[in-house]
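Novice: Below is one structure. I have some questions about it.
Every number here is computed from the coordinates shown, using simple stated rules; none is lab data. It should be emphasised that the depicted structure is a prediction, and the values quoted were computed from it without experimental measurement. Note: ideal-geometry Cβ built from the backbone for every residue, glycine included; neighbour counts use all protein chains shown.
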Amino acid sequence: MSGLLTVEGGTPLTGEITVRGAKNFVSKAMVASLLGEGPSELANVPVIRDVDVVADLLRLHGVTVDHDRDGGVLHLDPTDVESAHVADIDAYAGSSRIPILFCGPLLHRLGEAFIPDLGGCRIGDRPIDYHLDILRSFGAVVDKRAQGIHISAPRGLVGTKIELPYPSVGATEQTLLTAVRSRGLTELRNAAIEPEIEDLIAVLQKMGAIISVDTDRTIRIEGVERLGGYRHTALADRIEAGSWASAALATHGDVFVRGATQPEMMTFLNTFRKVGGAFDVRDDGIRFWHPGGDLHSIVLETDVHPGFMTDWQQPLVVALTQAKGLSIVHETVYENRFGFTDALRGMGATIQIYRECLGGLPCRFGQRNFYHSAVVSGPTPLRAADIEVPDLRGGFSHLIAALAAQGTSRVRGISIINRGYENFMGKLEALDAKVTMVDSAVAPAV
Ligand code: EPZ
């Protein structure tokens, strides 16, 4: 579905949709299965491209992967793990950054691993320096080659002390997936403690690992020699749930998100209420709606958990274009996450971006050449436009803008959204959105 989507705006999104497991947990739990000497079973798995990419990478390494797509269950059997050629890994991985997390498990199972060149993406450089430093500190040998990076562990892997310069999610996962079967104790300071990390720790503990999490972002892991498989149900995707909530707000809609859970979304719910949105937490999900009246401008700063997630930022900014007054958004996790506002300005939004750290504490990107703060002035009516999807969350926010705009927009490159939003076309139709997928072969150029 490379296609072109036409979106007739102006209709409030109303109805019910279901979110399944978190993209940013499921892919890591799949990699963790490599560490086990027995089969694993993961439930509440969404049908999204990122899951298919990891499944193919696992199969490439000899893992048997059965995916019951309707039932949302993955069966993973790593008994016959084998190494794979870096060219194949590169081909299967595409733009996914997941191969870097295969390192620890493959070093334990095979004594070596390859990482193709991962490169950055539209939201930032996305360096992997923390990951390579971590692997070296366990005793791994990192060898940069033309096709990628070869990692080996000639003397095995030994527990170590690590202090992260920044509480990186990926670097914390790298440490967990490497430390659990390394000899001795590992202490990780300034760790990420996102709910997806906690769920990964739960999976590793089910496999036989010994992991403790202190209140001061310190995680301690006692290495064990062997791990078994796991049976686990993935936590809900709070990013997808927050995206649909912002869509409800921007379109004056009313959406029940079945499967959404409150504990992982506390910060989002506080912000949603401050903007003027209404929500109702139920045992089986959360209802989000626009209660009428004006939306309020806010000062918002993204941060690591329990702060406001950077992946909630782009969809919410669309709703802030409809809020009364000046909103300030300070993006502190990625240095380049306001590219998506170009299209919003083309649709009539008033958004100015700045290099300064506006509205919050100075961050890593302050006094450097990164436009990482935005001032959004509203309310401004949005008008339809021709849009090219830039990245996953930027693309979803463009969809929201087209749904809130007057007139018919044409959105191209829609397939990127499949990477992280399960069945988004079906969900749009379930919410009465007036959308039509036009086959790219016949679609006139945007
Ligand atoms: C994960 O990315 C998520 N991706 C991201 O979601 C999410 O935005 C991010 O965590 C923060 O919550 C997946 O889980 C697949 P980081 P990750 O390491 O692990 C810097 C989405 O749309 N850094 O916490 O790559 C880095 O540049 C995606 O679902 C280094 O400098 O994020 C960034 O500024 C987007 N060196 C910051 O840390 C390193 O070696 C946070 O990155 C590693 C990271």
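Novice: For Cα pairs less than 8 Å apart in space and 6+ apart in sequence, what is the mean separation divided by the residue count of the stretch 23-233, i.e. the relative contact order in percent?
Specialist: 21
Novice: Using amide H atoms built in the peptide plane, which far-off residues or other-chain residues are under 5 Å from Ile123 H to H?
Specialist: none
Novice: Please list, in order along the stretch 325-340, the HN-Hα scalar couplings obtained from phi with the Karplus expression 6.51 cos²θ - 1.76 cosθ + 1.60 (θ = phi - 60°), rounded to whole Hz, x for Gly and Pro.
Specialist: Karplus-based 3J(HN,Hα) across the stretch 325-340 equals x, 9, 9, 10, 10, 10, 8, 10, 9, 10, 6, 9, 10, 10, x, 5 Hz.
Novice: With θ set to phi - 60°, apply the Karplus curve 6.51 cos²θ - 1.76 cosθ + 1.60 along the stretch 58-63 and write out the HN-Hα couplings as whole Hz, x wherever there is a Gly or Pro.
Specialist: Karplus-based 3J(HN,Hα) across the stretch 58-63 equals 5, 4, 4, 9, x, 7 Hz.
Novice: While we're on this one: Rounded, prolate or oblate: pick one for the stretch 23-233, where a ≥ b ≥ c are the square roots of the eigenvalues of its C-alpha gyration tensor, a/c under 1.5 means rounded, and failing that, prolate if a/b is larger than b/c, else oblate.
Specialist: Because its axes are fairly even, with a/c under 1.5, the stretch 23-233 counts as rounded.
Novice: How big is the chain by Rg and Dmax over its Cα atoms, in Å?
Specialist: 21.9, 66
Novice: Shifting gears a bit: Under a GNM of the chain (C-alpha, springs under 10 Å), which listed residue has the highest mean-square fluctuation: Ser152, Ser373, Ser95?
Specialist: So, out of Ser152, Ser373, Ser95, the one fluctuating most is Ser95.
Novice: Given a cut-off of 26 Å, name the pairs among Lys274/Lys434; Lys161/Lys206; Lys23/Lys206; Lys324/Lys427; Lys28/Lys161 whose C-alpha atoms lie farther apart than that in the structure shown. List each step's numbers first, then the result.
Specialist: Working: Lys274/Lys434 29 Å; Lys161/Lys206 24 Å; Lys23/Lys206 20 Å; Lys324/Lys427 29 Å; Lys28/Lys161 23 Å.
The pairs that break the limit, which is 26 Å between Cα atoms, are Lys274/Lys434; Lys324/Lys427.
Novice: Further question on the same structure: How big is the Rg/Rh ratio for the stretch 291-390, C-alpha atoms only, Rh by Kirkwood, two decimals?
Specialist: Answer for the stretch 291-390: 0.96.
Novice: Step through the residues of the stretch 360-373 one at a time and calculate ³J(HN,Hα) from phi using the Karplus curve (6.51 cos²θ - 1.76 cosθ + 1.60, θ = phi - 60°), rounding each to whole Hz and writing x for Gly and Pro.
Specialist: Once θ is set to phi - 60°, the couplings for the stretch 360-373 become x, 6, x, 10, 4, 9, x, 6, 10, 8, 10, 7, 10, 10 Hz.
Novice: Sort Glu356, Glu8, Glu240 so the one with the fewest other Cβ atoms within 10 Å of its own Cβ comes first.
Specialist: Numbers: Glu356 13, Glu8 17, Glu240 29.
Ordered by Cβ neighbours within 10 Å, fewest first: Glu356, Glu8, Glu240.
Novice: What fraction of the DSSP beta bridges in the chain is antiparallel, stated in percent and rounded to the nearest 5?
Specialist: 75
Novice: Still on this structure: What dipole magnitude, in Debye to the nearest 20, does the chain give about its Cα centre under +1 on Lys/Arg Cβ and -1 on Asp/Glu Cβ?
Specialist: Charge dipole, the chain, about its Cα centre: 780 debye, nearest 20.
Novice: Tell me, what is the percent relative contact order of the chain, built from C-alpha pairs under 8 Å that lie six or more residues apart?
Specialist: Averaging sequence separation for qualifying contacts and normalising by length gives 21 percent for the chain.
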